[in-house]
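The values are calculated or read from the model by the stated rules, or taken from the named source; none is laboratory data. None of the values given here were measured: they were computed from a predicted structure. For neighbour counting, all protein chains shown are included, and Cβ atoms are generated from backbone atoms with ideal geometry for every residue, glycine included.
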Amino acid sequence: MKKILFLLLFLTSGIIHSQITVIHFNAGWNSSNDVGWVEDLTDTKLKWVDIATDAKSQTEHKITVVPTILVLVDGEEEERYEADISFSMQATKKEIQEVIDEIVMDQF
């Protein structure tokens, strides 16, 4: 019985994990302002997009400043974090992780 319960919990967490995606948009010329800690976010898939080489994604997600971090749930934008005028991210890892954790909890 314990094995079945563990398996169900494992499968459920995998489904939830796959529904949340974080996309980090930046450009090669602004690489000094990459948000390195974005790799440390948990319970999410991570995608990096260089708008200089992927203009389609830039247009699709209406990226006007870099870096920008989007939190998507089932492909729909849930939260957006944009850089300030100096092209550096103002949002913190803790702030974004709290949003992800809240999304995970809401899905149960």
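At-a-glance table
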quantity	calculated
Single residue of region 91-106 satisfying the filter (closer than 24 Å to G28 by Cβ and either in contact with a strand residue (DSSP E or B) (Cβ under 7 Å, 6 or more places away or on another chain) or hydroxyl-bearing (S, T, Y) (or both)) that is surrounded by the most Cβ atoms within 10 Å (Cβ to Cβ)	I96
Near pairs, Cβ below 8 angstrom, 6+ apart or cross-chain, from region 54-75 (touching a residue at least 40 places away in the same chain (Cβ under 8 Å)) to any residue that is part of a loop (DSSP other than H, G, I, E, B) and small (G, A, S)	V66/A27; P67/S88; I69/A91
Hits in region 2-38 (condition: out of contact with any helix residue (DSSP H, G or I) (no Cβ under 6 Å at 6 or more places or on another chain), modelled with pLDDT of 95 or more and in a helix (DSSP H, G or I))	V38
